[in-house]
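First comes the structure, then the notes that go with it.
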Amino acid sequence: MLELLPAPPVDPLWDLAAEFAADPRPERLDLVLGVYRDHTGVTPVMAAVRQAEIRLAERSDTKEYLGLSGNTAFNRAMLSLVLGGEERTGRATAVQTVAGTGALRLLADLVRQTRPGATVWISDPAYVNHRPILEGAGLTVRTYRWLEATGRPDTAGLLEDLGAARHGDVVLLQGCCHNPTGVDPSFGAWEELAGLAETNGWVPFVDLAYHGLGDGLDADLRPTRMLADRLPEVLIAVSCSKNFGLYSDRTGCAIVLGSSRQTLRHVETALQNAARTLYSMPPDHGAAVVATVLEDERLRAEWRAELDVMRHRITANRADLVAHLRALGQEEQARCLARQKGMFSMLPLTSDGMRRMRRQSGIYGTASGRINIAGVPAHRIPFLAQGIATALQTPRAARSV
Ligand SMILES: Cc1ncc(COP(=O)(O)O)c(C=O)c1O
């Protein structure tokens, strides 16, 4: 039977990661995957997480099944972390998921169950997994503009495209630190989006994977909370992979705001049923860690301080890269990078340009031009700037703008 299987496409990101691993050059730089690395190049276990793990190891006396919604203390803690006050959490329900990806998929299933054949709008460019997840759930995908050729947010294009989204459509928006571009709309543009959703009746679906790594936790969550205040229904996929450093523990949750308690009960059961047929229930460890951190005042403060350190390191890396690019005469590119936020930056290079940068300098980013700013040890920034400048100096045909 299995010989009938056609050759499936290989995931391009993990393919590049494998190419990097096989590259013998000691100076090579891996900026492919979205993981934070500290100044020594290590993705650390956060101190607050470590302490929570020790507590859990000492106190846990069972590994009994939880329930289909996962760890309920975690769900409560995430509702309050993401939404803030009771006026929002009181209109919401949360179900623990297998990380942000699991939340995206369960919420996509919820949309399909509610409105088979619904259209979901995603940004162009989008997080590489958005389209496959949504189409995998049987939904139709359309795109809206995100970025001007100059590297600025394309607010006019975004609003014009989403002006065509209709009642019953769903619009997937990254809440902050857009992957892959690092470019976010202004808060004013977010408010205009809320106005469009109110007028035309589409439902915002917010993907939160980098909150705390842009302008700070509350500032990064402000657009999501504003949408929650203004609209009757909002879907939110939350990942704890980056801001708790729990990448391999697959921790996240699906949050839904709805207009009645009964609707929310139906939503919770639909999400549980979707999970039941995929993996029954999510693993507990990461969620138990997050709940322990968030419920303990001291651990919570420690986690927030560590998150700020991570954010400042990313900001400092980007500022340093901008300064080095300026010194190398790359003013236009430096200005673009200076506007970006969060883990990623987008270089104006085609996939050929990115391949050449890989060959010439051993600097690995994705084919779309994305590099992970959080993955560069500070002392390697001059090397990175030089590699980018060399790639940018090659013929214009290999550049994307
Ligand atoms: C925008 C965005 N959403 C969701 C995810 C999923 O994260 P995870 O499933 O690792 O929590 C990622 C991961 O890189 C992402 O960049």
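The values are calculated or read from the model by the stated rules, or taken from the named source; none is laboratory data. The model shown is predicted, which means the values in this text are computed figures rather than measured ones. Virtual Cβ from ideal backbone geometry, glycine too; neighbours counted across all protein chains shown.
Here are a few things to note about the model shown:
- Breaking point among (1) free of Cβ contacts under 8 Å to residues at least 40 places away in the same chain; (2) within 20 Å of the chain's Cα centre (by Cα); (3) surrounded by 17 or more Cβ atoms within 10 Å (Cβ to Cβ), for Thr89: (2)
- Taken over segment 24-40, the criterion of being in contact with a helix residue (DSSP H, G or I) (Cβ under 8 Å, 6 or more places away or on another chain) and in a loop (DSSP other than H, G, I, E, B) is satisfied by Glu27, Arg28, Leu31, Val32, Leu33, Gly34, Val35, Tyr36, Arg37, Asp38, His39.
- Among the candidates Ala118, Ala99, Ala108, residue that is in contact with a helix residue (DSSP H, G or I) (Cβ under 7 Å, 6 or more places away or on another chain) and closer than 25 Å to Phe244 by Cβ: Ala108
- Search result, residues across segment 46-70 that are under 24 Å from Thr263 (Cα atoms) and either surrounded by fewer than 17 Cβ atoms within 10 Å (Cβ to Cβ) or within 16 Å of the ligand (Cβ to nearest atom) (or both): Gly67, Gly70
- Subset of segment 242-259 (residues that are buried (at least 19 other Cβ atoms within 10 Å of the Cβ) and within 16 Å of the ligand (Cβ to nearest atom)): Lys242, Asn243, Phe244, Gly245, Leu246, Asp249, Arg250, Thr251, Gly252, Cys253, Ala254, Ile255
- Hits in segment 271-284 - residues which are in contact with a helix residue (DSSP H, G or I) (Cβ under 8 Å, 6 or more places away or on another chain), in a helix (DSSP H, G or I) and surrounded by 17 or more Cβ atoms within 10 Å (Cβ to Cβ): Leu271, Ala274, Ala275
- Pairs with Cβ under 9 Å, 6+ apart, first in segment 37-59 and in contact (Cβ under 8 Å) with a residue 24 or more places away in the chain, second among the small types (Gly, Ala, Ser) and surrounded by fewer than 18 Cβ atoms within 10 Å (Cβ to Cβ): His39/Ala378; Ala48/Ala301; Ala48/Ala305
- Applying a threshold of 9 Å to beta carbon distances and a minimum spacing of six or more residues, or different chains, the list of pairs starting in segment 373-385 at a residue that is outside the structural domain of His324 (by TED's automatic domain parsing) and ending at one that is of a type in the set (D, E, K, R) and in a helix (DSSP H, G or I) is empty.
- Taking segment 231-241 as the range and being within 9 Å of the ligand (Cβ to nearest atom) and surrounded by fewer than 24 Cβ atoms within 10 Å (Cβ to Cβ) as the test, only Ser241 passes.
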